[in-house]
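Throughout, read-outs are computed from the coordinates displayed, never taken from laboratory work. What you see is a predicted model, and the numbers here were worked out from it, not measured in a lab. Note: ideal-geometry Cβ built from the backbone for every residue, glycine included; neighbour counts use all protein chains shown.
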Amino acid sequence: QTTPTPDVFETHESQVRSYSRQWPAVFDTAQGSWITDEDGKRYLDFFAGAGALNYGHNNPVLKQALVDYILRDGITHGLDMSTVAKRDFLTTFTEKILEPRGLDYKVQFPGPTGTNTVEAALKLARKVTGRSSVINFTNAFHGMTLGALSVTGNSMKRAGAGIPLVHATPMPFDNYFGGATDDFQWMERVLDDSGSGINRPAAVIVETIQGEGGVNVARAEWLQALAELLKRRDILLIVDDVQMGVGRTGQFFSFEEAGIVPDIVTLSKSIGGYGMPMALTLIRPDLDVWGPGEHNGTFRGNNPAFVTSAAAIDHYWSDDAFEKEILAKGERIRTAFTELADRFDGVSTRGRGMVHGLVFADGDLAGKVTSLAYDKGLLAETSGPSDEVVKLLPPLTISEADLDHGLSILREATETVCS
Ligand code: PMP
């Protein structure tokens, strides 16, 4: 079978350019870690909606909760009304996620997407502090609207958007200089030096692991030093957990491992559980200075997503069994990728929990690997500044047999491309 050339494939001629040219199939149904195209061909899904399907496609537990809710005519759209589904979600989220972790946050529903929660976080930080600029990091990705794009560190994605709407100063992410430079000495110096030209920022926004940026993992001690530095200067710490939250790294929140407590946390993608749009902005209680109606929107409380989210939390996060399962499967990925990195020059790996990157010398090689993998029935995407990283985000619920099957496809593809 020959793969159509990527540029000619779209779902329909009316569609603007999109991801679909990467995977020239029209997909139809999906179950667990498998997705099926309209011709009946099955693919193992190691992309999982870019991290929006941590519990897999059509997870039976969540499907049942959703079907029950729809059959009893539960409210699907209620704008900003109080609803039973919303109250149940908030109770479950508080009791099963926040309280056991000793976290105290007010919960805002900022709109349906990751970008929406980033916008809310930036706006709130500016309102609380009365300062307007923000520090972001090299290779960061925070979304596509003008505010979120202003703190995204990818020139290609920013090109064409015009002058950034939020004044953002990029600082080097952990290991940007290959560990050779003390990043924080530099940051402290420029923050404290009135001659540096850097405005005192309202906040710093950071991903603990940069997903779109190429699976760049910040060390726990780097995050701890960052949190400490900001606390001393009364600058807010926003952790963007849109992609790495909801269990991807092993714990529910990706920052738990470092033991830091951000002032604001953004969550989206898998928080709804069933792949339906939902986002949360978690706000340190004393920073909740929103006035009524100051930040709202028509789709900011997705009731069916509240139902599936609460069902997922009840089912997967009532004890620590799921965390252990994620870490054990993550270890399988790490072992398989380390073996490839040891065998092939110019290939390396990085990651934590169930997010791992296989890093190639350039985007061409990584693209060949994902394209070969696609032909063998595996979906995986590339990330990084030149798409040189094959990024793995399998559903956290994947069976060990399916995980091993997908890893063997990637092994074969890497052997073909690198031998
Ligand atoms: N923040 C991070 C860390 C992300 O990975 C993404 C999406 N890839 C976003 C924000 C934006 O989320 P969305 O695509 O839902 O707007």
(request) With a 10 Å radius around each residue's Cβ, average the other Cβ atoms per peptide and rank 188-196, 111-119, 407-415, highest first. (result) 111-119, 407-415, 188-196
(message) Once you keep just the Cα pairs under 8 angstrom separated by 6 or more residues, what percentage relative contact order results for the stretch 257-336?
(response) 25 percent
(message) Using Stokes-Einstein with the Kirkwood hydrodynamic radius over Cα pairs, what translational diffusion coefficient do you get for the stretch 40-85 at 20 °C and a viscosity of 1.002 mPa s, in µm²/s rounded to a whole number?
(response) 163 µm²/s
(request) Using only the Cα atoms of the stretch 92-142, build the gyration tensor, take square roots of its eigenvalues as a ≥ b ≥ c, and label the shape rounded, prolate or oblate: rounded if a/c is under 1.5, else prolate if a/b is larger than b/c, else oblate. (result) prolate
(request) State whether the stretch 149-212 is rounded, prolate or oblate according to the following rule on the C-alpha gyration tensor (a ≥ b ≥ c being the square roots of its eigenvalues): a/c under 1.5 gives rounded; otherwise a/b larger than b/c gives prolate, and the remaining case gives oblate. (result) oblate
(message) Checking the a/c ratio against 1.5 first, then a/b against b/c, what shape does the Cα gyration tensor give for the stretch 41-181?
(response) prolate
(request) Using the structure shown, select from K157/K269; K96/K269; K96/K127 the pairs with a Cα to Cα distance greater than 22 angstrom. (result) K96/K127
(message) Over the Cα atoms of the stretch 231-276, each weighted equally, I'd like the Debye log10 I(q)/I(0) at q = 0.31 Å⁻¹, rounded to two decimals.
(response) -1.13
(message) Using only DSSP helix segments of four residues or longer, with each worth -39500 (n - 2.57), what per-residue ellipticity at 222 nm results for the chain after dividing by its residue count and rounding to 500?
(response) -10500 deg cm²/dmol
(request) Nearest 5 is fine: what % of DSSP beta bridges in the stretch 208-292 come out antiparallel, could you say? (result) 65 percent
(message) If you average the alpha carbon positions of the stretch 258-307 and of the stretch 28-50, how far apart do those two centres end up, in angstrom?
(response) 29 Å
(request) Using only the alpha carbon atoms of the stretch 156-256, find the Kirkwood hydrodynamic radius as the inverse mean reciprocal pair distance, in angstroms to one decimal. (result) 15.0 Å
(request) Quick one: compute the contact order of the stretch 318-419, relative version, from alpha carbon pairs under 8 angstrom and 6+ residues apart, as a percent. (result) 25 percent
(request) Using only alpha carbons, build the gyration tensor for the stretch 330-415 and give me the equivalent ellipsoid semi-axes, biggest first, whole Å. (result) 18, 14, 12
(message) Rg/Rh for the stretch 202-328 to two decimals, with Rh computed the Kirkwood way over all alpha-carbon pairs.
(response) 0.98
(request) May I ask you to order 144-156, 379-391 by the average number of other C-beta atoms within 10 Å around their residues, highest value first? (result) 379-391, 144-156
(request) Order these peptides, 293-305, 245-257, by their mean beta-carbon neighbour count within 10 angstrom, highest first. (result) 245-257, 293-305
(request) Send over the semi-axes of the stretch 254-363's equivalent ellipsoid, whole angstrom and largest first, taken as the square roots of 5 times the C-alpha gyration tensor eigenvalues. (result) 35, 18, 15
(request) Using Cα pairs closer than 8 Å and at least 6 residues apart in sequence, work out the relative contact order for the chain, in percent. (result) 23 percent
(message) What percentages make up the Cα-Cα pair-distance distribution of the chain when the bins are 20 Å wide from 0?
(response) 26, 59, 15, 0
